[in-house]
Amino acid sequence: MSIQKHIGTRYKKNPIITKDDVPYPVATVHNAGIVKHDGRYIMLFRSHKLNGRSIIGKAESKDGYSFTVSPTPFLTPDSDSLFAEYEEHGVEDLRISPVNGEYLLTYSAYSRHGVRIALARTKDFEKVERISLITQADLRNVVIFPEKFGGRYVRLDRPHSEISPWSIWISYSPDLIHWGDSRVVMKPVSYHWDEMKIGPGAPPFKTARGWLHIYHGVFETMAGAIYRLGVALHDLADPAKIIGVSDSWILQPEDPWEVTGYVPNVVFSCGVVPEGDGTVKIYWGGADTVMCVGTAVIDDLVQLCLSDSRLPL
Ligand code: BMA
């Protein structure tokens, strides 16, 4: 994945899912959360409907490369609870975190009131239960760590600000409903590939050296914004502490379906799958239009954070 040349490989048969693989009318397939559940890869992807609003579809695979899309969407805006008012303009960019024997789903809920994050849970990817709206507007890109720390759930999030470039924060909760103790953990760097804004990407996963987090960073050019992926390592015991952040991006738009599409020059990840052989499958949306995958060696990503690190703040 010309990831810094020697780190990672793009899958040769990208893109792995396009709108033509979806059995209901959609304009795009992108920004998917993914986990391995009962030996199968379950992907929950975002699609723009033909009215421009987003819904979440489901796809399954035995090998992580070849996916079959379910005949009906997995999650559409709610119609009859408090969630309905806040999801009226669509649901987007879902992340999946396995915690305590269930999967926590965080997704952007769009409405006339702005964008906020909704939290739902599932055990089997058949039944979904909405739990709570866990942020106010304007905030999105919430990823929950797969373990609790000191009895509390921990998330990375990304508030919007008119005063400071949009940055990555951490927040804690005893019950998945009330969140607080928030503080900033990582900021964009001026005149750098991520100088405009950064945000959480895939839920972090555990390595021997720390929690590895693939995030996105944005650079504004005269021809529009470029979305790239970067990598950061959080302390195993205290995820608010960042041990290292790679100075270089690990993936940038290069393939034709990343450079051109619904939104040009975007690679955006909401999910990765660490494998038992020391590699990680990284999934990303290309140009907000198609889904792609690549692999990297986990140790190489860790080393990048440790040996070529920029300051997190
Ligand atoms: C961000 C989000 C993502 C999207 C990206 C590029 O602000 O809306 O869902 O992939 O922009 O368009």
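The values are calculated or read from the model by the stated rules, or taken from the named source; none is laboratory data. None of these values were measured; they are calculated from a predicted model. FYI the Cβ positions are ideal-geometry reconstructions off the backbone, even for glycines, and counts take in every protein chain you see. Surface areas here come from the heavy atoms of the whole protein model, side chains and all, with no ligands, DNA or RNA. Shrake-Rupley method; radii C 1.70, N 1.55, O 1.52, S 1.80 Å.
Things worth noting here:
- Filter result for VAL273 (closer than 22 Å to VAL154 by Cβ and either of a type outside the set (Gly, Ala, Ser) or free of Cβ contacts under 8 Å to residues at least 12 places away in the same chain (or both)): yes
- Within segment 250-280, being open to solvent by 20 Å² or more (accessible area, probe 1.4 Å) and touching a Ser or Thr at 6+ places or on another chain (Cβ under 9 Å) holds for GLN252, GLU254, TRP257, THR260, GLY261, TYR262, VAL263, ASN265, PRO274, GLU275, THR279.
- Checking each residue in segment 91-108 for being in a strand (DSSP E or B), among the small types (Gly, Ala, Ser) and away from the ligand (no atom under 16 Å from the Cβ) picks out only SER97.
- Any hit, segment 142-160, residues being surrounded by 19 or more Cβ atoms within 10 Å (Cβ to Cβ) and among the small types (Gly, Ala, Ser): no
- Qualifying residue in segment 224-239 (condition: over 20 Å from the mean Cα position of the chain (by Cα) and within 16 Å of the ligand (Cβ to nearest atom)): yes
- Hey, ASP247 of a type in the set (Asp, Glu) and closer than 14 Å to ARG10 by Cβ or not: no
- Selection count, segment 119-152, where residues are within 16 Å of SER171 (Cα to Cα), part of a strand (DSSP E or B) and either within 15 Å of the ligand (Cβ to nearest atom) or among the polar types (S, T, N, Q) (or both): 6
- Some residue of segment 67-81 being under 18 Å from GLY201 (Cα atoms) and in a strand (DSSP E or B): no
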